[in-house]
1. Among (1) under 24 Å from the mean Cα position of the chain (by Cα); (2) surrounded by fewer than 20 Cβ atoms within 10 Å (Cβ to Cβ); (3) aromatic (F, W, Y), where does F141 come up short?
2. Kindly indicate whether W35 is touching a residue at least 24 places away in the same chain (Cβ under 8 Å), within 16 Å of the ligand (Cβ to nearest atom) and more than 22 Å from the chain's Cα centre (by Cα).
3. Can you confirm whether the stretch 222-240 contains a residue that is out of contact with any Gly (no Cβ under 7 Å at 6 or more places or on another chain) and at pLDDT 95 or above?
4. Scan the stretch 115-130 and tell me whether some residue there is in contact with a Lys or Arg (Cβ under 7 Å, 6 or more places away or on another chain), more than 15 Å from the ligand (Cβ to nearest atom) and either within 17 Å of M267 (Cβ to Cβ) or touching a residue at least 24 places away in the same chain (Cβ under 8 Å) (or both).
5. Kindly state which helices (runs of 4 or more DSSP H) lie completely within the stretch 162-275 and contain at least 1 residues that are more than 20 Å from the chain's Cα centre (by Cα) and buried (at least 21 other Cβ atoms within 10 Å of the Cβ).
6. Only one of S242, S210, S206 is touching a helix residue (DSSP H, G or I) at 6+ places or on another chain (Cβ under 8 Å), hydroxyl-bearing (S, T, Y), within 16 Å of the ligand (Cβ to nearest atom) and under 20 Å from Y280 (Cβ atoms); which?
7. Taking A288 as the residue in question, decide whether it is farther than 26 Å from R492 by Cβ and not in a loop (DSSP other than H, G, I, E, B).
Amino acid sequence: MSFRNLVVGAVIASLFTSRVRAVDNGLAITPQMGWDNWNALGCDVSEDLLLQTAELIVDYGLQDLGYHYVVLDDCWSSGRNASNNNSLIADASKFPNGMAAVADRLHALGLGFGMYSDAGKYTCGGYAGSLGYETVDADTFASWGVDYLKYDNCYNMGQAGNQQISEARYATMANALNATGRPILYSLCNWGEDYPWNWGSTIANSWRISGDVYDNWDTYDSRCPCTGADAWNCGLPGFHCSITNIMNKASFIVSKAQPGAWNDLDMLEVGNGAMTDAEYVAHFSMWAIAKSPLIMGNDIRTIAPADLAILSNAAVIAVNQDPSGSSAARRWIYGINGSDPFTGPSIQLWSGSLKSTTGGAQSDMVVLLINGADESMPMNASLADIFVDNGPGGTAPQVKMSWEVRDLWANRMSDEEAAAIIAASSGTGNVTTGYNATEVGAGRYNATAMSYAEGLAANSSLLLGNVTTTLAPSGTVTATVEPHGVAMFRLRALPTGMMRKRDEL
Ligand code: GLA
């Protein structure tokens, strides 16, 4: 072997040994689910908040649905301890028993503990950041029993501006986490700056694609750049990003989502009070089909029944947690009444392939019709558009097939049942709703007992929605969609035998 080959070989070997890929850490094989305090409560964090929330996540059946990580966001520390290797100190007034005790309690409930830090000198709230302290901080987190790290981007000391610089800064923490030997889900929070979808999958389990979400459907805000058709080229951070702004950004990078590594559209706003019920249903559906992590961002202690019902829709969560792990894509977008579809209100069709639940070779398909108009709209989606990936202009073989159309919101839990679940947990009982303690929550999906992959394979009726109609070849899905709302369907191939019978009739 020549000297040159030896050197090249050594460089390649060192690349492989020094960089354990976080995407290979076995975590987030489907998008992570959980709760984070930031959207609803900001810096108002405490041990009591986390533990009360954790117990409600269990009591309300949300853990059973897959919400696993309880993530503590910013503002939890009181600096570094110079006499203990400069390790971070938990604020004793907020966490009197320390972080390890919080982790122990969460683990005893069967939940995971998420922690927050920042790839900068300070966190966004001005607390101590981890830049330059990656190893000691990763070791501290591992010693506390942390299972998840959300890693922010404030005060990054100018170590940003191109993909290599940002990647290197975030890779330092990836390597430090991997070196602890504890599996810690790594969630990058650099707001889409420097195109993390291009490099995030080599070091992390998810990456934020946008500036911070806020509880708003479509209001333009100049602090959230990249609203239009050029959002594909958005490497800029920002905040006050509406639901439709973030979904538009996601539309250009759906191909970057893969098992173990996901586009993160930011934490959910469902239940925070500033959007309508239809908008929250749409928001939850969009995040689900884009394969975003589903991290609840509301105050669970004061959750309204309607919001518990949205967050508890197992048929929608099953799309997010589908074992094939590929994001749906936007098939068309039209402006309403001649408006620019990107800056004005629009209607959109998204569809995406799901693992087959029929036992046949043909994948199921999720279909999402989005109505951005201020009034109800009759909308439709042709099989040709839904299956355009399999052949343009109606040439896809699936267009010649027949399909069962299942409404994934048809079995949304009633407000009455959700109210009974909330009341049962508070120990007050609830006679007025007609649900008793044994009925409450009975028959809901339990993903801790049977994973979504298993439930889908077993054709669990809780995951498949309600049959509304069947489509003949070259058919069209139709729905009347609420203002700022969605219609969401799972298409399942009808057996060829049935098609033949239909043809023979
Ligand atoms: C940034 C992040 C938010 C939140 C705050 C905390 O803005 O993007 O999600 O973590 O910091 O200060």
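The values are calculated or read from the model by the stated rules, or taken from the named source; none is laboratory data. It should be emphasised that the depicted structure is a prediction, and the values quoted were computed from it without experimental measurement. Cβ: placed from backbone, ideal geometry, glycine included. Neighbour counts: every protein chain shown. Areas reflect the complete protein model, heavy atoms only, side chains present, ligands, DNA and RNA absent. Shrake-Rupley method; radii C 1.70, N 1.55, O 1.52, S 1.80 Å.
1. That leaves (2) as the condition not met.
2. On the way: touching a residue at least 24 places away in the same chain (Cβ under 8 Å): yes; within 16 Å of the ligand (Cβ to nearest atom): yes; more than 22 Å from the chain's Cα centre (by Cα): no.
It is false that W35 is touching a residue at least 24 places away in the same chain (Cβ under 8 Å), within 16 Å of the ligand (Cβ to nearest atom) and more than 22 Å from the chain's Cα centre (by Cα).
3. Among the residues of the stretch 222-240, at least one is out of contact with any Gly (no Cβ under 7 Å at 6 or more places or on another chain) and at pLDDT 95 or above, which makes the answer yes.
4. As a first pass, look at the stretch 115-130 and keep what is in contact with a Lys or Arg (Cβ under 7 Å, 6 or more places away or on another chain): 116, 119, 128-129.
Of the ones still in play, those that are also more than 15 Å from the ligand (Cβ to nearest atom) are none.
The answer is no, given that none of the residues of the stretch 115-130 is in contact with a Lys or Arg (Cβ under 7 Å, 6 or more places away or on another chain), more than 15 Å from the ligand (Cβ to nearest atom) and either within 17 Å of M267 (Cβ to Cβ) or touching a residue at least 24 places away in the same chain (Cβ under 8 Å) (or both).
5. So the answer is 163-180.
6. It is S210.
7. no
Let's see how each residue does on (1) more than 15 Å from S351 (Cα to Cα); (2) in contact with a strand residue (DSSP E or B) (Cβ under 9 Å, 6 or more places away or on another chain); (3) open to solvent by less than 70 Å² (accessible area, probe 1.4 Å):
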| site | (1), (2), (3) |
| --- | --- |
| E375 | yes, no, no |
| P378 | yes, yes, no |
| L383 | no, yes, yes |
| G393 | yes, no, no |
| P397 | yes, no, no |
| A410 | yes, yes, yes |
| A419 | yes, no, yes |
| A423 | yes, no, yes |
